[in-house]
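Chemist: To start, I am sharing the structure in question, which I have written as structure tokens.
The values are calculated or read from the model by the stated rules, or taken from the named source; none is laboratory data. Model, not experiment: these values are computed from the prediction. Neighbour counts are summed over all protein chains in view; Cβ atoms, including those assigned to glycine, are modelled from backbone coordinates with ideal geometry. Heads up: the accessible areas ignore ligands, DNA and RNA and are worked out on the full protein's heavy atoms, side chains in. Shrake-Rupley method; radii C 1.70, N 1.55, O 1.52, S 1.80 Å.
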Amino acid sequence: DASKPLGPQINYTITGIDAGAGIMGNTQTALEKYGLAQKNWQLQTSSTAAMTSVLDKAIKNKQPIVVTGWIPHWMFTKYKLKFLQDPKKVYGDAEGIHTIARLNLKKEEPGFYQFLENFNWTSDQMSEVMLQINEGADATQAAKDYLKKHPKQLKEWLKNVPNGNGKKVTLAYVAWDSEIASANVAKQALESKGYKVTIRSMDAQPMWTAVATGAVDASLSAWLPTTHSAYAKSFKGKYIDVRTNMEGAKTGLAVPTYMTNINSISDLLN
Ligand code: PBE
């Protein structure tokens, strides 16, 4: 009911995802900066799957809901959602997905490092893989299909990359849809060149720790400069920011477009 205040209708709750996600910390900051925490608004921790399932139900019933949202993600194609304006820029401006590597990787594994320097794609390309997985495809198969469809891009990614001859390398990733896509595509691309790639799924904090301590070689899952700024700061000097592998990412709070009165984070107070 748009004529009534929103807070009591949704129990002053924003539906979030896994605790380690950068968007969770930033949303906590947003609750404070926009005066929502002071009005008893809270952020519910869950998982991407639980969040999208609650979102699905709310949309089917045309009920109000506020979620942590980001691009690239299929939720923005499947549902009519809008980001709430963030005049205080808590969620930052231009955001990208970065490749980070352990110190010394370039010296010790120059061939693999060359691949990391080459690897980049667009949000649309990543979405092709995400969509296929969301429709039920196995991640390995979706990655193989992608490479078959984009042989020129695979060639670019493998430019100046020598044959791996069975060399073992490890990529850490967080099981967000975007990172499931990138880790699997990178694995298949490298394996086509003779590398043996282990991809290890972990939470965001362990992922950053694993790269910074050298427990894994690299990760394609770093959202910078804003989303993972707390991790980047705490591991400063202990990892290499290799490159942006995908530009045009965005995070924030999102609501269904039928919530016509709610357009900015501060509107949640109305
Ligand atoms: N995300 C998706 C992550 C990065 C990828 C926005 C949920 C995060 O908040 O850390």
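Chemist: Condition first: in contact with a strand residue (DSSP E or B) (Cβ under 8 Å, 6 or more places away or on another chain), within 15 Å of the ligand (Cβ to nearest atom), in contact (Cβ under 8 Å) with a residue 12 or more places away in the chain and open to solvent by 10 Å² or more (accessible area, probe 1.4 Å). Can you find one or more residues in the stretch 193-202 that meet it?
Modeler: Within the stretch 193-202, the first condition is being in contact with a strand residue (DSSP E or B) (Cβ under 8 Å, 6 or more places away or on another chain), and the residues that meet it are 195-202.
Still in the list and also within 15 Å of the ligand (Cβ to nearest atom): 201-202.
Those still in the list that are in contact (Cβ under 8 Å) with a residue 12 or more places away in the chain too: 201-202.
After this cut, where a residue has to be open to solvent by 10 Å² or more (accessible area, probe 1.4 Å) as well, the list is 201-202.
Within the stretch 193-202 (the criterion being in contact with a strand residue (DSSP E or B) (Cβ under 8 Å, 6 or more places away or on another chain), within 15 Å of the ligand (Cβ to nearest atom), in contact (Cβ under 8 Å) with a residue 12 or more places away in the chain and open to solvent by 10 Å² or more (accessible area, probe 1.4 Å)), the answer is yes, since at least one residue qualifies.
Chemist: Confirm whether residue 111 is in contact with a Gly (Cβ under 9 Å, 6 or more places away or on another chain), in the same structural domain as residue 47 (by TED's automatic domain parsing) and of a type in the set (Gly, Ala, Ser).
Modeler: Spelling it out, it is not the case that residue 111 is in contact with a Gly (Cβ under 9 Å, 6 or more places away or on another chain), in the same structural domain as residue 47 (by TED's automatic domain parsing) and of a type in the set (Gly, Ala, Ser).
Chemist: Scan the stretch 150-171 and tell me whether some residue there is within 16 Å of the ligand (Cβ to nearest atom), out of contact with any Lys or Arg (no Cβ under 8 Å at 6 or more places or on another chain) and either under 30 Å from residue 79 (Cβ atoms) or not hydroxyl-bearing (Ser, Thr, Tyr) (or both). Step through it out loud before you land on a result.
Modeler: Taking the stretch 150-171 first, the residues within 16 Å of the ligand (Cβ to nearest atom) are 171.
Still in the running and out of contact with any Lys or Arg (no Cβ under 8 Å at 6 or more places or on another chain): none.
Taking every residue of the stretch 150-171 in turn, none turns out to be within 16 Å of the ligand (Cβ to nearest atom), out of contact with any Lys or Arg (no Cβ under 8 Å at 6 or more places or on another chain) and either under 30 Å from residue 79 (Cβ atoms) or not hydroxyl-bearing (Ser, Thr, Tyr) (or both).
Chemist: Suppose the filter is surrounded by fewer than 17 Cβ atoms within 10 Å (Cβ to Cβ), within 16 Å of the ligand (Cβ to nearest atom), free of Cβ contacts under 8 Å to residues at least 60 places away in the same chain and not charged (D, E, K, R); does residue 42 pass it?
Modeler: Answer is no for this residue.
Chemist: Could you please find all residues in the stretch 16-39 being open to solvent by 20 Å² or more (accessible area, probe 1.4 Å) and of a type in the set (Val, Ile, Thr)?
Modeler: 29
Chemist: Test residue 37 against the stated conditions and say whether it is within 16 Å of the ligand (Cβ to nearest atom) and outside the structural domain of residue 227 (by TED's automatic domain parsing).
Modeler: Values: within 16 Å of the ligand (Cβ to nearest atom): no; outside the structural domain of residue 227 (by TED's automatic domain parsing): yes.
No, not satisfied.
Chemist: Going through the stretch 244-269 one residue at a time, which ones are under 24 Å from residue 43 (Cβ atoms) and within 16 Å of the ligand (Cβ to nearest atom)?
Modeler: Answer for the stretch 244-269, where residues must be under 24 Å from residue 43 (Cβ atoms) and within 16 Å of the ligand (Cβ to nearest atom): 249, 250, 251, 252, 253, 254.
Chemist: Could you list all residues from the stretch 115-139 that are within 21 Å of residue 172 (Cβ to Cβ) and in a helix (DSSP H, G or I)? Quick ask: steps written out before the conclusion?
Modeler: Within the stretch 115-139, the subset within 21 Å of residue 172 (Cβ to Cβ) is 115-121, 126, 129-130, 133, 138-139.
Within the stretch 115-139, 115, 116, 117, 118, 126, 129, 130, 133, 139 qualify.
Chemist: I've got another one for you. Go through the stretch 140-240 and tell me which helices (runs of 4 or more DSSP H), entirely inside it, have 2 or more residues that are outside the structural domain of residue 74 (by TED's automatic domain parsing), modelled with pLDDT of 95 or more and aliphatic (A, V, I, L, M).
Modeler: Details: elements: 151-157, 177-191, 204-213, 229-234.
Filter on the stretch 140-240 gives 177-191, 204-213, 229-234.
Chemist: Based on this model, can you work out whether residue 82 counts as over 19 Å from residue 174 (Cα atoms), loosely packed, with under 15 Cβ neighbours inside 10 Å and not β-branched (Val, Ile, Thr)?
Modeler: On the way: over 19 Å from residue 174 (Cα atoms): yes; loosely packed, with under 15 Cβ neighbours inside 10 Å: no; not β-branched (Val, Ile, Thr): yes.
No; evaluated as a whole, the condition is false for this residue.
Chemist: Give the residues of the stretch 215-243 that are open to solvent by 10 Å² or more (accessible area, probe 1.4 Å), away from the ligand (no atom under 14 Å from the Cβ) and of a type outside the set (Gly, Ala, Ser), sorted by residue number.
Modeler: Of everything in the stretch 215-243, those that are open to solvent by 10 Å² or more (accessible area, probe 1.4 Å), away from the ligand (no atom under 14 Å from the Cβ) and of a type outside the set (Gly, Ala, Ser) turn out to be 217, 233, 235, 236, 238, 239, 240, 241, 242, 243.
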